[in-house]
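Notes to accompany the following structure.
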Amino acid sequence: MSLAVLAPAKVNLALHVTGQRADGYHLLDSLVSFAPFGDRLEIAPAEEISLTVAGPEAAGVPADARNLVWKALAATGLGAARMRLVKHLPAASGIGGGSSDATAAIRGALALAGLSGQLAAGRLRAGALDLDLAALGADLPMCFAPHPARATGIGEHLAPVTLPPLPALLVNPRVEVPTPTVFKALTRKDNPPIDPIPAFADTRACIAWLATQRNDLEPPAIAAAPVIADVLAALEALPGARLARMSGSGATCFALFETLAEAKAAEARLAAAHPAWWSASGTLGNQEEAARPQPL
Ligand SMILES: C[C@@](CO)(OP(=O)(O)O)[C@H](O)COP(=O)(O)OP(=O)(O)OC[C@H]1O[C@@H](n2ccc(N)nc2=O)[C@H](O)[C@@H]1O
Ligand SMILES: Nc1ncnc2c1ncn2[C@@H]1O[C@H](COP(=O)(O)OP(=O)(O)O)[C@@H](O)[C@H]1O
């Protein structure tokens, strides 16, 4: 049996850095949601692990044991598989491409084994499997079940959140920003947490509240890659854009709109003005159904 698994893009709607652990990892308070688009992983049982990488964003992505899908599958101990990864999301770009791919491999491996996993405090349990997902990557727990959530700790503590539909345009200026570089350049590590999350009447109210929250990694990311400031300015200038922010450690930024039609029109305008930049639009929200493994 072969399965196809969507690995949706992750968006940090807010990302506050609130402290640092003794091992150097930073404590976060982040509100995340997921896009209806992303990478696609095909997976089928095999005698040994193999991987091919294809798609418009495949350049530079390793097709061997360095790839997070390979590492994640091996870590599950659920057996070997033949995998084909179709990359649509730019690598090292703050939208969790590699992390989302890794969890797609794990969802696929679980489905092939006829298991369903339970996630708690960053650990995935399924049958005899007990795997520390957060140790594989801080973003893996949130990507395993891709629904809107508040993430604390280094990302391993997750609380589901109800959000209205959030039409979004994601833009990447094609500059890779390594996550460790951005965390190292952060000057203040004890910033205030996210405010208590209210119940939102509608999309407009949610965006207005998000505008009062922050991404604390924006200043150090802009210092490493000044073009990020240009992306934020270009997004803010688009008709209908209510808010522009960076996701994760960058360089991908997003704008939020009240309607998907506005986000799509903005994407066409931005792509015409900046043909070299990567962009994608869609409504952020719960992608758990879309991310479920499907027979090929
Ligand atoms: C910043 C975030 C926000 O969601 O997103 P991305 O920019 O990666 O999308 C994540 O915390 C990234 O998670 P992930 O990309 O899985 O990070 P990991 O592989 O675990 O760690 C890479 C490196 O980033 C730093 N790191 C990561 C997470 C964290 N909470 N504190 C850190 O200091 C460490 O230097 C670590 O060695
Ligand atoms: N499946 C994968 N997709 C993208 N990058 C990967 C993958 N596996 C390993 N990598 C490596 O991980 C690094 C960071 O990738 P990624 O997880 O996309 O970062 P971020 O979470 O910051 O967007 C890249 O430099 C890339 O070489």
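A few comments on the model shown:
- One residue from Val231, Val171, Val177 being within 13 Å of ligand 1 (Cβ to nearest atom), β-branched (Val, Ile, Thr), buried (at least 20 other Cβ atoms within 10 Å of the Cβ) and not assigned by TED's automatic domain parsing to the domain that holds Gln118: Val177
- Residue satisfying condition, being part of a loop (DSSP other than H, G, I, E, B) and either in the same structural domain as Asn191 (by TED's automatic domain parsing) or not acidic (Asp, Glu) (or both), within set Leu124, Leu163, Leu131: Leu163
- Residue selected from the range 80-102 under the condition surrounded by 24 or more Cβ atoms within 10 Å (Cβ to Cβ) and over 19 Å from Leu15 (Cβ atoms), by the criterion nearest to ligand 1 (Cβ to nearest atom): Ala102
- Test for Leu131: is it crowded, with 20+ Cβ neighbours inside 10 Å, away from ligand 2 (no atom under 15 Å from the Cβ), more than 28 Å from Leu3 (Cβ to Cβ) and not charged (D, E, K, R): no
- Filter pass, Val69 being touching a residue at least 12 places away in the same chain (Cβ under 8 Å), among the hydrophobic types (A, V, I, L, M, F, W, C) and not in a helix (DSSP H, G or I): no
- Residue, farthest from ligand 2 (Cβ to nearest atom), within the range 72-100, restricted to residues that are in a helix (DSSP H, G or I) and polar (S, T, N, Q): Thr76
- Applying a threshold of 7 Å to beta carbon distances and a minimum spacing of six or more residues, or different chains, the list of pairs starting in the range 1-27 at a residue that is modelled with pLDDT under 95 and ending at one that is of a type outside the set (A, V, I, L, M, F, W, C) reads Met1/Pro295.
- In summary, Asp139 fulfils each of the numbered conditions (1) within 11 Å of ligand 1 (Cβ to nearest atom); (2) in contact with a strand residue (DSSP E or B) (Cβ under 8 Å, 6 or more places away or on another chain); (3) closer than 12 Å to Leu41 by Cβ with the single exception of condition (3).
- Among the residues listed as Cys206, Cys143, the single one being part of a helix (DSSP H, G or I) and under 30 Å from Ala59 (Cβ atoms): Cys143
- Selected residue (criterion: farthest from His157 (Cα to Cα)) from residues of the range 103-121 that are away from ligand 1 (no atom under 16 Å from the Cβ) and in a strand (DSSP E or B): Gln118
The values are calculated or read from the model by the stated rules, or taken from the named source; none is laboratory data. No experiment lies behind these values; they were computed from the predicted model shown. We place every Cβ from the backbone using ideal geometry, glycine too, and count neighbours over all the protein chains shown.
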